[in-house]
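Some notes on the structure that comes next.
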Amino acid sequence: MKKFFAITLGILTAIGGFVDIGDMVANSQAGSRFGMSLAWVVLVGVLGICVYAEMAGRVAAVSGRPVFDLVRERLGPRVGLLNLGGSYLVTVLTLGAEIGGVALAAELATSVHYLLIVPVAAFVCWVVLWRVKFETMERVFGLLGLTLVVFVVALLKLPTDWAQLWEQARTPAPAGEENWGTYAFAGVALFAAAMTPYEVFFFSSGGVEERWTVKDLTVSRANVFIGFPLGGLLSLALMATAAVVFHPIGVELEDLGQTALPVAMALGKLGLAVAILGFFAATFGAALETGLSAGYTVAQYFGWSWGKRLRPRDAARFHVVVLISVLLGTAALATTIDPVLLTETTLVLSAIVLPLTYLPILVVANDRQYMGEHVNGRLGNTLGVLYLIVILVVAAAAIPLTIMTGMGG
């Protein structure tokens, strides 16, 4: 039973990382616009995050220190500060988008305008981050987020043409009025969503919170190879339900309510209620991840005491950074920017800073001073280098595609 609960760290990371407010809409938008022709990007992203999360978890288990803590020491304060600046900006904006997602999910349930709910959602998020134990957070919201499996059930209940979905999936090209520019932009966004930087920061820091050692490498890998593929499966289900319902009639999704419509069509009001619960759990879980990750990165760079394993007064600066991050994320929403648009913007920024996140992980995972006999093997290095090349290409393409397509057109 203890091993089972340990795996929920990976489940929380997978749900928060793969299925947050941006992914809910982005995957559904991809399904409605391109059918399943971008499913391969999700699969590539799942494998990529598995490769680097396994490294990050192994670094935490072997060294007893999270990845970001070692980046400054290994690569120097200047590179570390560059990493910190880019990662913190993306993380705070993502935190704002997730708080907005919580508010949108509550709006679906209550019909109260989401902007009125944002301050309440932000306050509750901060209270949970301040007072609730790490293990409780990961288990409650990790497992509760699994209610998004209702999209898998809905896909089975809908009049799905499986042969057509397969044909779309095996034809990676734009269809209809779409062009290669918008197709490539959507691919960059989906890949960036799968490999958002805060995921590995949260995962490795969470391993330290849970006091992983070399004996826990099996648990770490189970977290990675069960949790992340599960998040990818839910993302594909979101894409597929939209491909079945909206793609044939040329309707493009724009909000969270439309994302839930296929579930309502297939399973009625009860299914819709479960979907809304899943939206709430996934976005709230992602808000907790990003809030903690913001505090983790700043505290680890400056060498402060950090973490939920310490009482707030013993890690006061860490908790102050978390509070400031929640306030900054809420302030972004106070501009009345749409949370979905905010998240799509953060995905572009995430794509740009991906090399700053993943190159240091690859370097540290090959350093025998920290890793001893647990350095990367040949397979890990081969996959790590291949994905680093992909990450560099995605980072280089992000801004030109954004400009050329007007944020996906």
Of the accessible area of segment 194-273, computed with a 1.4 Å probe and all protein chains kept, carbon and sulfur make up a percent value of 64 percent
With r as the distance between the Cβ atoms of residue 320 and residue 79 and R0 = 22 Å, compute the FRET efficiency 1/(1 + (r/R0)^6) and round to 0.05.
0.30
Three-way shape label, segment 290-409, alpha-carbon gyration tensor, a/c 1.5
oblate
Considering only 53, 122, 396, give the residue with the highest GNM mean-square fluctuation for the chain, with springs between Cα atoms whenever their separation is below 10 Å.
396
Solvent-accessible area per residue, Å², over segment 271-361 with all protein chains present [probe radius 1.4 Å]:
33 Å²
Within segment 162-264, report the GluC sites (Glu not before Pro) that DSSP leaves as loop and that have at most 13 other Cβ atoms within 10 Å.
177, 252
By the C-alpha gyration tensor axes a ≥ b ≥ c (rounded if a/c is under 1.5, else prolate when a/b exceeds b/c, else oblate), the shape of segment 319-376 is oblate
Based solely on its DSSP helices, what 222 nm [θ] is calculated for the chain when runs of n ≥ 4 H residues each add -39,500 (n - 2.57) and the sum is averaged over all residues, nearest 500 deg cm²/dmol?
-26500 deg cm²/dmol
Multiply the residue gap between residue 170 and residue 143 by 0.36 nm, knock off their C-alpha separation, and tell me the result in nm, one decimal place.
6.5 nm
I need the helices of the chain that pass two filters: whole DSSP H segments spanning 30 Å or more by Cα along the axis, and mean Kyte-Doolittle score no lower than 1.0.
39-63, 77-110, 256-302, 339-365, 378-405
Scale the Cα Rg of segment 234-327 by the rule-of-thumb value 2.2 N^0.38 Å and send over the ratio, two decimals.
1.58
Straight-line reach check, residue 269, cutoff 19 Å on alpha carbons, 8 or more apart in-chain or any other chain, hits among aspartates and glutamates -> 107, 255
For the chain, the dipole about the Cα centre with charges only on Cβ (Lys and Arg +1, Asp and Glu -1), to the nearest 20 debye, works out at 1400 debye
Once the mean 1/r over all distinct Cα pairs of segment 93-230 is inverted, what Kirkwood radius in angstroms do you read off?
18.9 Å
Choose one of 326, 116, 140: the residue whose Cα lies farthest towards the positive end of the charge dipole of the chain (beta-carbon charges +1 Lys, Arg; -1 Asp, Glu; about the Cα centre).
140
Along the principal axes of its C-alpha atoms, what lengths does segment 25-149 span, in descending order and rounded to whole Å?
51, 43, 29
Can you order the peptides 80-91, 302-313, 324-335 by their average number of other Cβ atoms within 10 Å per residue, highest first?
80-91, 324-335, 302-313
Here the relative contact order (percent) of segment 255-337, from C-alpha pairs under 8 Å and at least 6 apart, is 19 percent
Segment 259-409 - charge dipole about Cα centre, Lys and Arg +1 at Cβ, Asp and Glu -1, debye rounded to 20
400 debye
Fraction of alpha-carbon pairs over 18 Å apart in segment 24-81 - percent:
57 percent
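When the expected Rg is taken as 2.2 N^0.38 Å, what fraction or multiple of it is the alpha-carbon Rg of the chain?
Ratio of Rg to 2.2 N^0.38 Å for the chain: 0.92.
Leaving out ligands and nucleic acids, note down the accessible area per residue over segment 136-223 with a 1.4 angstrom probe, in whole Å².
43 Å²
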Surface per residue (accessible, 1.4 Å probe) for segment 25-82, Å²:
30 Å²
Expressed as a whole-number percentage, the relative contact order of the chain with C-alpha contacts under 8 angstrom and at least six residues apart is 38 percent
At R0 = 56 Å the Cβ-Cβ FRET efficiency linking residue 110 and residue 385, nearest 0.05, sits at 0.70
Take the solvent-accessible surface of the protein heavy atoms, probe 1.4 Å, and return the percent of it on segment 35-95 that carbon and sulfur atoms account for.
68 percent
Which one, 71, 52, 343, is farthest towards the positive end of the dipole of the chain when Lys and Arg carry +1 and Asp and Glu -1 on their Cβ?
71
Taking the dipole of segment 261-409 about the Cα centre (Lys, Arg +1; Asp, Glu -1; charges at Cβ), the one of 293, 275, 265 that reaches farthest to the positive side is 293
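The values are calculated or read from the model by the stated rules, or taken from the named source; none is laboratory data. Bear in mind that the values here come from a model prediction, so they are computed numbers and not experimental data. Cβ atoms come from the backbone with ideal geometry, glycine included; neighbour counts cover every protein chain shown. Only protein heavy atoms, including side chains, enter the accessible area calculation; ligands, DNA and RNA are left aside. Shrake-Rupley method; radii C 1.70, N 1.55, O 1.52, S 1.80 Å.
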